[in-house]
Structure formats: structure tokens, C-alpha cells
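**Q** One structure, pasted below without further comment.
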Amino acid sequence: MASNLRSPLARVRGLGSAKDGTGHWWAQRLTALALIPLTLWFVAGVLGHVGADYAEVRAWIGHPVTAGLFLLLIGATFYHAALGVQVVIEDYVHNEWAKLASLLTVKAALLILGLAAALAVLSILFD
């Protein structure tokens with residue numbers, strides 16, 4: 001029944017009324033899938049360093065493979081968060097100005113925090 005309400009062009013493109021819903025949906029699912037092994041690696045790494053001193057943990061983070069995985073984890077986490085919060089704001093904030101302001105504020109905050117986290121890892125890597 002619902003497929004009868006869509007235009008032939010919309011059925012061919014597979015897009016909803018927003019014209020980009022499937023891309024957003026796929027990006028959120030792919031980042032969620034990427035976060036599963038990255039989060040498991042992170043938890044295992046943290047548990048493996050319980051009781052380690054500062055220098056040992058810093059050396060672990062400073063290893064190129066570890067730093068690369070940290071950067072992937074940071075990027076995927078903040079991008080996934082931005083996608084998720086965007087959906088919540090679009091669904092529950094009905095005033096257009098408040099919606100726009102909220103989206104811009106949240107995206108800016110997540111970008112700044114993600115860059116700060118990435119710079120922290122890079123500073124350890126290149127120290």
C-alpha cells in the first residue's frame with residue numbers, strides 16, 4: 001500500500017521524501033558495524049593495561065597501529081554520534097530555527113571534540 005504512494009522516480013531511486021534518507025541510514029549502520037570491533041579492541045586494550053603506569057600506557061597509545069585504531073575509533077564514534085543526534089533533533093524539535101541552531105551547535109561541538117581527541121592521539125604518536 002505504501003509503495004503505491006511513491007512516485008515512479010522515487011521507487012527507482014529508492015529515496016524517501018527527504019531525498020537522502022537511505023544514505024544517512026546506511027552511514028549510521030556502517031559506523032555502528034565499524035564500532036563493534038573497534039570498541040571491543042579498545043575495551044580489551046584498556047583491560048590489558050589495568051595497573052600499568054603512565055609511561056606504559058602512553059607507549060601503547062604511541063604505537064602506530066594503536067594510534068591508527070584510536071583515530072578510527074574516534075572518527076567512527078563522533079560521526080556515528082552526529083548522525084544519531086541529527087535524527088533525534090530532526091524528529092523531536094519542530095521549530096525550524098531551534099532545529100537549525102541545535103543541529104549546528106551539536107555538529108560543531110562534536111567536530112571540535114573529535115578533533116581534540118584526534119590531536120591528543122597524534123600528539124602522543126609524534127612525541
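**Q** How many residues does region 58-74 hold that are β-branched (Val, Ile, Thr), over 14 Å from Ala34 (Cα atoms) and surrounded by 15 or more Cβ atoms within 10 Å (Cβ to Cβ)?
**A** Going through region 58-74 one residue at a time, the tally reaches 2.
**Q** State which residue is farthest from Gly68 (Cα to Cα) when the search covers only region 94-127 and only residues that are among the small types (Gly, Ala, Ser) and touching a helix residue (DSSP H, G or I) at 6+ places or on another chain (Cβ under 8 Å).
**A** Filtering first and then ranking leaves Ser102.
**Q** Being over 12 Å from Leu122 (Cα atoms) and in a helix (DSSP H, G or I) is the filter here; which residues of region 44-64 pass it?
**A** The initial filter retains those residues of region 44-64 that are over 12 Å from Leu122 (Cα atoms), namely 44-57, 59-60.
If the condition is that a residue be over 12 Å from Leu122 (Cα atoms) and in a helix (DSSP H, G or I), then Ala44, Gly45, Val46, Leu47, Gly48, Tyr54, Ala55, Glu56, Val57, Ala59, Trp60 are the ones that fit.
Values in this text are rule-based calculations from the coordinates and carry no lab data. Not measured: the values here are computed from a predicted model. Virtual Cβ from ideal backbone geometry, glycine too; neighbours counted across all protein chains shown.
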